[in-house]
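Visitor: One structure, as structure tokens, below. Some questions next.
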Amino acid sequence: MRSFRLLMLIILAAALSLAAPGTGLASGSSAKIPCTPPGPQTADTTSITLVSTNSSVCTVLRLIVNLNLGSEAQGHFHVFGPNGEIATGPEKFWSSGEQFRVEVNQVTGGSHLWCVDFWTTGNVKHGETNCVGF
């Protein structure tokens with residue numbers, strides 16, 4: 001019985017050492033979860049799109065924000081994330097679909113929120129805060 005247990009342990013150890021890398025079964029390896037960014041997030045007046053790297057390290061490269069179809073307004077975008085303010089867009093007349101792009105280059109931790117507000121001239125918030133989680 002003892003030799004049977006020893007044989008089973010040897011077989012198990014051999015199987016674990018031959019496991020495919022990245023599965024978390026091979027000795028000394030760790031499972032890596034690929035980063036899959038969410039699709040565009042649309043709220044009542046704004047849309048936000050997150051552009052990220054395609055690797056095991058989740059990095060937000062840039063955020064692209066715009067007013068939704070049918071929305072036009074004089075004002076500015078305020079973009080912020082888990083570390084606070086990222087950028088404030090120029091004060092101007094924004095037409096429907098016109099994009100404001102913000103370079104971010106920040107590593108994210110899975111459930112961080114990346115958000116946009118649109119403020120009309122006179123600092124009146126236009127619509128709800130729009131956030132995408134990544």
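The values are calculated or read from the model by the stated rules, or taken from the named source; none is laboratory data. If you're wondering where the values come from, they're calculated on a predicted model, not measured in any experiment. Cβ placement follows ideal geometry from the backbone for every residue including glycine, while neighbour counts extend to all protein chains displayed.
Visitor: Evaluate the range 85-93: report whether one residue or more is under 18 Å from the mean Cα position of the chain (by Cα) and either not charged (D, E, K, R) or not assigned by TED's automatic domain parsing to the domain that holds A43 (or both).
Guide: yes
Visitor: Now a separate question. Condition first: closer than 30 Å to N54 by Cβ and basic (K, R). Now tell me which residues in the range 99-127 satisfy that.
Guide: Result: R101, single match.
Visitor: Looking only at strands (runs of 3 or more DSSP E) that lie completely in the range 33-83, which have at least 3 residues being free of Cβ contacts under 8 Å to residues at least 40 places away in the same chain?
Guide: The strands (runs of 3 or more DSSP E) meeting that bar are 73-81.
Visitor: For residues that are exposed (fewer than 15 other Cβ atoms within 10 Å of the Cβ) and within 16 Å of E72 (Cβ to Cβ), scanning just the range 121-134, find the one that is modelled with the lowest pLDDT.
Guide: So, considering only residues that are exposed (fewer than 15 other Cβ atoms within 10 Å of the Cβ) and within 16 Å of E72 (Cβ to Cβ), the one modelled with the lowest pLDDT is T121.
Visitor: Looking at the range 106-134 only, could you name the residues that are of a type outside the set (A, V, I, L, M, F, W, C) and assigned to a loop (DSSP other than H, G, I, E, B)?
Guide: Those that are of a type outside the set (A, V, I, L, M, F, W, C) and assigned to a loop (DSSP other than H, G, I, E, B): T108, G109, G110, S111, H112, T121, G122, N123, H126, G127, E128, T129.
Visitor: Mind checking which residues of the range 81-100 are under 17 Å from T46 (Cβ atoms) and loosely packed, with under 15 Cβ neighbours inside 10 Å?
Guide: Within the range 81-100, E85, P90, E91, K92, F93, S95, S96, G97, E98, Q99 meet the criteria.
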